[in-house]
Amino acid sequence: MRKYGWMVLTFTTIFSILFFSWTQNCFAFVLRTGDMIIIGGDEVIDEDIFLTGNEIIINGKINGDLYAAARVIAVNGHVRDSVTLAGNRIDVSGVVGRSLRAIGDSITIKGSIGNDLVLAARDVVLDVDSVVSGDMLTGAMNTIINGPVKGYALVGARSVTVGNIIGGDATFGTRFLTLTKNAGIGGNLTYYSV
């Protein structure tokens, strides 16, 4: 019995060290709630952050993931990792290091997205200043793509306007498709009238 007692004690000690070091990293995050939340331009957050409120404005730097839910969300600063947003009006003019996932009524992207863009909204606008370095997946009533998408685009909307380059394949399920003189598709174009 003594022989197995040491094995159990050793296993329990190793498991405890691994578990508590893992959970400490897993549960390191910042949570802020309130009517208006502003992360100032000189503020740096070195963890994942969860925000809920009526209005959220991010001008600073987040060295982690951002999760936010509010009526109005503006991301003007720099987020090193991924961003997940839910709101009525969402504006992203800053830098997102990885992927952006958002659901809202009106979503406008004016910034840089380091990887994929996944959006669901009534109106989606990729401004001419926006850059999506990965793929784009969007479900909306109206979608305007005036910024470049380096990967593929899969868009379902009542109307789609493409005014820039899509680097990969583009698949559109839409009633109204407009390709402007600045539009270009690097891969195959597939169009479904819905």
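The values are calculated or read from the model by the stated rules, or taken from the named source; none is laboratory data. A quick note: this is a predicted structure, and the numbers were derived from the prediction, not measured. Cβ atoms come from the backbone with ideal geometry, glycine included; neighbour counts cover every protein chain shown. To get the accessible areas, we keep the full protein, side chains included, count just its heavy atoms, and leave off ligands, DNA and RNA. Shrake-Rupley method; radii C 1.70, N 1.55, O 1.52, S 1.80 Å.
Starting from 0.36 nm per residue, how many nanometres of slack lie between Val128 and Lys181 once their C-alpha separation is accounted for?
Between Val128 and Lys181, full extension yields an extra 17.7 nm.
In deg cm²/dmol and to the nearest 500, what is the mean residue ellipticity at 222 nm of the chain if only DSSP H runs of at least 4 residues count, each as -39500 (n - 2.57), divided by the residue total?
-4500 deg cm²/dmol
Calculated from the structure, semi-axes √(5λ) of the Cα gyration tensor in Å equals which of (1) 65, 15, 11; (2) 40, 22, 14; (3) 26, 20, 17?
Computing semi-axes √(5λ) of the Cα gyration tensor in Å and matching it to (1) 65, 15, 11; (2) 40, 22, 14; (3) 26, 20, 17 gives (2).
For the full complex of protein chains and a 1.4 angstrom probe, list Thr171, Thr52 by accessible area with the highest value first.
Thr52, Thr171
Could you check the simple spin-label distance between Asn88 and Asn59, using points 7 Å along Cα→Cβ, in nm with one decimal?
Distance between the two pseudo-spin positions: 2.3 nm.
Calculate the spin-label point distance for Ile165 paired with Thr52, positioning each point 7 Å from the Cα along the beta-carbon direction, and give it in nanometres.
Calculated label separation equals 4.3 nm.
Show me, bin by bin at 10 Å from 0, the whole-percent P(r) of segment 153-194 based on Cα pairs.
P(r) over segment 153-194, rounded to whole percents: 32, 61, 7.
Expressed as an acute angle from 0 to 90° and rounded to the nearest 10, what is the orientation of the C-alpha long axis of helix 2-26 relative to the principal long axis of the chain?
With both axes taken from Cα atoms, the answer is about 30 degrees.
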